[in-house]
Amino acid sequence: MENYTQQSKKKNKKDTWSALSLAWQLGYTIAIPLVILALTGRLLDKRFGTSPWLLLVGIFLSLIISTLAIYYKTIKILSEAENKINKIDKKEKPKNRTSKPETNSNYQSPLV
């Protein structure tokens, strides 16, 4: 029993760190393009006197870049989860099934 609780605690810690890691990755995936492109747009606005248009273009581009990056990260995470599930399913399925499941040939559906 004690061994089970220790394993459970380790799994919970691993899950917590995994969730925090994902949150950190998504955070910087959004923040870095936003900061870089917004600052670049602001600096170019000052240089060319086009305020606030290049700032807005930078923000809009950062939204597109962040959305695409999050989309691809999500696809990657989902495919990894699917692969993990498939591995578990392959381990649990019996490889050779020698007997067929019994069927009751006298069974009639209540809908008939």
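The values are calculated or read from the model by the stated rules, or taken from the named source; none is laboratory data. If you're wondering where the values come from, they're calculated on a predicted model, not measured in any experiment. Don't worry about glycine lacking a Cβ; one is built from the backbone with ideal geometry, like all the others, and counts go over all protein chains shown. All accessible areas refer to the heavy atoms of the entire protein, side chains included, with ligands and DNA or RNA removed. Shrake-Rupley method; radii C 1.70, N 1.55, O 1.52, S 1.80 Å.
Evaluating residue 21 against the criteria (1) within 16 Å of the chain's Cα centre (by Cα); (2) polar (S, T, N, Q); (3) open to solvent by 60 Å² or more (accessible area, probe 1.4 Å) leaves one unmet condition, (3). Would you call residue 42 surrounded by 14 or more Cβ atoms within 10 Å (Cβ to Cβ) and part of a helix (DSSP H, G or I)? Criteria met by residue 42. Take the range 49-78 and flag every residue that is within 15 Å of residue 28 (Cα to Cα) and among the basic types (Lys, Arg). Scanning the range 49-78 gives a single hit, 73.
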